[in-house]
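The values are calculated or read from the model by the stated rules, or taken from the named source; none is laboratory data. If you're wondering where the values come from, they're calculated on a predicted model, not measured in any experiment. No Cβ is skipped: glycine too gets one built from the backbone with ideal geometry, and neighbour counts run over all protein chains shown.
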Amino acid sequence: MLRFKKIAVKIGSNVLTRKDGTLDITRMSALVDQVADLHKQGVEVVLISSGAVASGRSEIKVSKKLDAVSARQLYSAVGQAKLINRYYELFREHRISCGQVLTTKENFGSRTHYLNQKHCMEVMLENKVIPIVNENDTISVTELMFTDNDELSGLIAAMMGMDALIILSNIDGIYNGNPSEPGTHVIREIEAGKQDLSEYVQVTKSQFGRGGMLTKSVIAQKVADEGITVLIANGKRDNILPELLAKESKTVCTRFIPAEKPVSSVKKWIAHSEGFAKGEVHVNKGAEEALLLPKASSVLLVGVIKIVGNFEKDDIVKIMNEEGMQIGVGCAGYSSREASKLIGKRDQKPLIHYDYLYLD
Ligand SMILES: Nc1ncnc2c1ncn2[C@@H]1O[C@H](COP(=O)(O)OP(=O)(O)O)[C@@H](O)[C@H]1O
Ligand SMILES: N[C@@H](CCC(=O)OP(=O)(O)O)C(=O)O
């Protein structure tokens, strides 16, 4: 028996690349074998695979030095083709189809794009096709980029309502100190709720990774708070995926215990969408107090004091208190133009309905 039926598996650049930066086909093939095995046992798997930039870099020799953005665009364009081609061939040996999903941060900011993307992956899974997701590095540059693929994998796991997110890196989990120092060990379990892991996690990251362990731990906590188990484990270990999914698994990894309270899929989307907010809704003290009560309340125009930025209906907005501190995020029921005209008015439909509201 396996512990999970639906999993998102994020494979970091370091798992797929050798020390010299070339694609580690042996490792990739071993991971595909493991995914194929789980797939045949009925587990739904979505892969989030890094490695485009790393595999492109080892392919192309440039004549003159490139700036960082041009290099990333060039290497990812070539490297993603190489990467997905490899996956395609490897899965084909198991008679399994896989498909490529390239996405950008913008696709998570609008509900329509979000649902289109979700629908695409649902259709793939229903038809036994394994989605292989990566950021579209050719067009998402600078502030349009995800922090890294750990952030992307958290969004995908929440969007697809997965039972677990497995983040595979080149290390056994989160250590309680510098992993290279003797006497440190992997933290095996982390309770739900906000815990500060920054004292353990070094800001240094491995050779080809982008975000490092700190973003992994922040994302993992957020995803676990939404009721999804998160495991950070070593993708270089043989047979890691079946071992992690085994019922009484003792495999070394860091496990983030999921919160018990289920969170609706809309709220999961909103919780992850803060970075895409198009504007701000400032509320007065009374409205802030009402929002913080255990009973669900909407943001009403009567309690709004200021609207900042230009947003359309259904865009994500930040909710700010009188002191200018952010207290939550939500999906706007009006455009900023309409809302500005109705500030302070009673008996209007909510500016942010409580079903579309996530408080910090
Ligand atoms: N406390 C810690 N525990 C484990 N790894 C850590 C810790 N602090 C920093 N790291 C570093 O984080 C690296 C993994 O993150 P990253 O380089 O982003 O990998 P990936 O490419 O898999 O996303 C590890 O190789 C390790 O060097
Ligand atoms: N989209 C990039 C991944 C960048 C990234 O986040 O890498 P990693 O920290 O190894 O997961 C690529 O495919 O090269």
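Summary of values
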{"quantity": "From the options Ala71, Ala36, Ala54, residue that is surrounded by fewer than 24 Cβ atoms within 10 Å (Cβ to Cβ), at pLDDT below 95 and among the aliphatic types (A, V, I, L, M)", "calculated": "Ala71"}
{"quantity": "Selection count where residues are in contact (Cβ under 8 Å) with a residue 60 or more places away in the chain, under 27 Å from Pro242 (Cα atoms) and more than 11 Å from ligand 2 (Cβ to nearest atom), scope region 38-83", "calculated": "7"}
{"quantity": "Tabulated pairs, region 9-30, first under 15 Å from Gly79 (Cβ atoms) and free of Cβ contacts under 8 Å to residues at least 24 places away in the same chain, second in a loop (DSSP other than H, G, I, E, B) and more than 13 Å from ligand 1 (Cβ to nearest atom), C-beta under 6 angstrom, 6+ apart or interchain", "calculated": "Asp24/Arg18"}
{"quantity": "Test for Lys295: is it charged (D, E, K, R) and either touching a strand residue (DSSP E or B) at 6+ places or on another chain (Cβ under 7 Å) or at pLDDT 95 or above (or both)", "calculated": "no"}
{"quantity": "Test: residue in region 121-144 that is over 30 Å from Val266 (Cα atoms), within 14 Å of ligand 2 (Cβ to nearest atom), in a helix (DSSP H, G or I) and in contact (Cβ under 8 Å) with a residue 12 or more places away in the chain", "calculated": "no"}
{"quantity": "Conditions (1) assigned to a helix (DSSP H, G or I); (2) within 13 Å of ligand 2 (Cβ to nearest atom); (3) touching a residue at least 12 places away in the same chain (Cβ under 8 Å); number of the one not met by Tyr114", "calculated": "(2)"}
{"quantity": "Qualifying residues in region 105-136 (those that are among the β-branched types (Val, Ile, Thr) and surrounded by fewer than 19 Cβ atoms within 10 Å (Cβ to Cβ)) - the one farthest from His272 (Cα to Cα)", "calculated": "Val129"}
{"quantity": "Number of positions in region 180-190 that are of a type outside the set (Val, Ile, Thr) and more than 20 Å from Ile240 (Cα to Cα)", "calculated": "4"}
{"quantity": "Conditions (1) among the acidic types (Asp, Glu); (2) farther than 23 Å from Ser29 by Cα; (3) away from ligand 1 (no atom under 16 Å from the Cβ): number failed by Asp137", "calculated": "(3)"}
{"quantity": "Qualifying residue in region 158-176 (condition: modelled with pLDDT under 90 and surrounded by fewer than 19 Cβ atoms within 10 Å (Cβ to Cβ))", "calculated": "yes"}
{"quantity": "Hits in region 172-187 (condition: closer than 11 Å to Met213 by Cα and of a type in the set (Val, Ile, Thr))", "calculated": "Ile174"}
{"quantity": "Contacts under 8 angstrom Cβ, first residue in region 228-257 being modelled with pLDDT of 95 or more and part of a loop (DSSP other than H, G, I, E, B), partner within 16 Å of ligand 2 (Cβ to nearest atom) and hydroxyl-bearing (Ser, Thr, Tyr), 6 or more apart", "calculated": "Gly235/Ser169"}
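Quick grid of which residues meet (1) free of Cβ contacts under 8 Å to residues at least 40 places away in the same chain; (2) away from ligand 1 (no atom under 13 Å from the Cβ); (3) farther than 20 Å from Lys261 by Cα:
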residue	(1), (2), (3)
Leu152	no, no, yes
Ile166	no, no, yes
Asn178	yes, no, yes
Thr184	yes, no, yes
Glu191	no, yes, no
Gln195	yes, yes, no
Glu199	yes, no, yes
